[in-house]
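Worksheet for the structure shown next.
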Amino acid sequence: MPSTKLILLIICILGLWWLRSPPSPLPSQSHPTAITRRIVAVADLHGDYDHALSVLKMAGVIEESASRRTAPKWLDGSGQTVLVSTGDLVDRGDDTQLLYQLFDTLRSQAPSKEHVRNCIGNHEMMNALSDWRYVTRGDIDTFPGGVAGRRQAMSTSGWIGQTWLANYSLSHTIDLLPHEEIRQAQLRRGLTSSYLVPQANFVHGGIHPTFAEASLAKLNEIAHSLLHRALQRQAGPASASSDLFPPNTPDEERRLYSEMGPLWYRGYATDADEGRVCSTAKQARRFLAQDQPDVSVDYLVMGHTPHLEGFVHRCEPPSVHLIDTGISRAYGGAQSALVFETTLTEGKTKDEWTEERRLVALYRGRKPKVVYERTRKV
Ligand SMILES: *[C@@H]1O[C@H](CO)[C@@H](O)[C@H](O)[C@H]1NC(C)=O
């Protein structure tokens, strides 16, 4: 037996084995850690599926292939992207069903439900409350059974009503960096325990301090209760009653749906007094952080009041962001998405961490615009 041949054969097999096995990862302890997250926010989509796909592609949330014929595909496998909608998917356009399906599809494709967040807009609640003033004929025609079919879909026994109750909230406060990873870095990697997790609050209209005071959890609970009550009425036969609210709707639910309430409030957009807007926002941000000692709600983001040219960023540093640019054909405004990019990086020496924040405004057909940028040691 020619042993050199045998040795060569063994070398070849070992070589192939070495080529085929993936490089073994270095123990993570020796890597400088970088914690990062990208939050993409889109405002009022109002029944326009094509423009919704357009902004989600622009923001790198879904693959370019998506169209009316090709299902959307969530792009980011890393888990770093979070998509949030500030509500008003419905009314003024015909694509109600496509839009609710779109968000349900993305929610099921994303690494977790937490990666796709939907706020209720005043138009979702209007539809639940049988206020159909802004519903298009074309939209009704997309529902089997027309008006009755649409009403059924938007009830406790229908698919849209059910996804609203399960997957939509009045408001979401979202960590700009993953909370658990921050906690681990504080426990094990020398990140100072005084580091507050930065957060942004998303709501359709605006949260005035007189509402924020009650805590966000409480507001979400009141909104959910009103939504359920309204959808339950729509599960029954249509009545001739002209009352907006179902019988026995408590005062706190009526108040939530008032002009000053989070679904309708426009003060952050319409008050020209910058000082007053910023001190109101500051107060609201404090109230919104009240239940958690280790966070800081630094940004308020809302839709509802269209500015067709582009976002309005108020206060310094910018803490109030009005992001309804009238994306839908009904308005014909800028197709836009606001992106929060936040990274916390471990330095070479122990206990030294650097936080980078960037807020980027994306508009279809324009160059990305950096709204705010900050780098600091923490
Ligand atoms: C909530 O969203 C998930 C993921 O998209 C979906 O599968 C589920 O059906 C929704 N819940 C309801 C009750 O519709």
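One table, with the values for the structure above:
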read-out: Potential lengthening between SER258 and VAL312 on full extension [0.36 nm per residue; Cα-Cα distance subtracted]; value: 17.0 nm
read-out: Tilt relative to the chain, helix 274-288 - C-alpha long axis, 0 to 90 degrees, to 10; value: 70
read-out: Mean Cβ count within 10 Å, highest first, over the residues of peptides 337-350, 140-153, 86-99; value: 86-99, 337-350, 140-153
read-out: DSSP-defined beta bridges in the range 242-378 - what % are antiparallel, rounded to 5; value: 90
read-out: Packing-based ranking, highest mean first, of 238-247, 42-51 given that Cβ atoms within 10 Å are counted; value: 42-51, 238-247
read-out: Equivalent-ellipsoid semi-axes of the range 221-320, from the Cα gyration tensor, Å, largest first; value: 33, 18, 12
read-out: Cα-based reach from LYS57 at 19 Å (exclusive), listing aspartates and glutamates while leaving out same-chain residues under 8 positions away; value: ASP44, ASP48, ASP76, ASP95, ASP104, ASP324, GLU341
read-out: Rounded tilt (10° steps) of 3-20 against the dominant C-alpha axis of the chain; value: 20
read-out: Cα-based reach from LYS218 at 25 Å (exclusive), listing lysines while leaving out same-chain residues under 8 positions away; value: LYS113, LYS282
read-out: Potential lengthening between ALA71 and LYS348 on full extension [0.36 nm per residue; Cα-Cα distance subtracted]; value: 95.3 nm
read-out: Principal axis dimensions, largest first and in whole angstrom, of the range 106-245 by Cα; value: 64, 38, 22
read-out: For the range 262-377, fraction of C-alpha pairs farther apart than 19 Å, in %; value: 56
read-out: Set of the range 49-67 residues, backbone N closer than 14 Å to the point 7 Å along the Cα-Cβ line of THR142; value: 49-54, 67
read-out: When the convex hull of its Cα atoms is projected in every direction, mean area for the range 314-378 (nm²); value: 5.5
read-out: Using a Förster distance of 45 Å, the FRET efficiency for VAL378-GLU213 (Cβ separation, nearest 0.05); value: 0.90
read-out: Ratio Rg/Rh, restricted to the range 34-377 and using Cα atoms, in which Rh is the Kirkwood radius; value: 0.97
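We did not get these values from a lab; they are worked out from the coordinates using the rules stated. Predicted model, so just to flag it, every value in this text is computed and none were measured. Note that we place each Cβ from the backbone using ideal geometry, even for glycine, and neighbour counts take in every protein chain shown.
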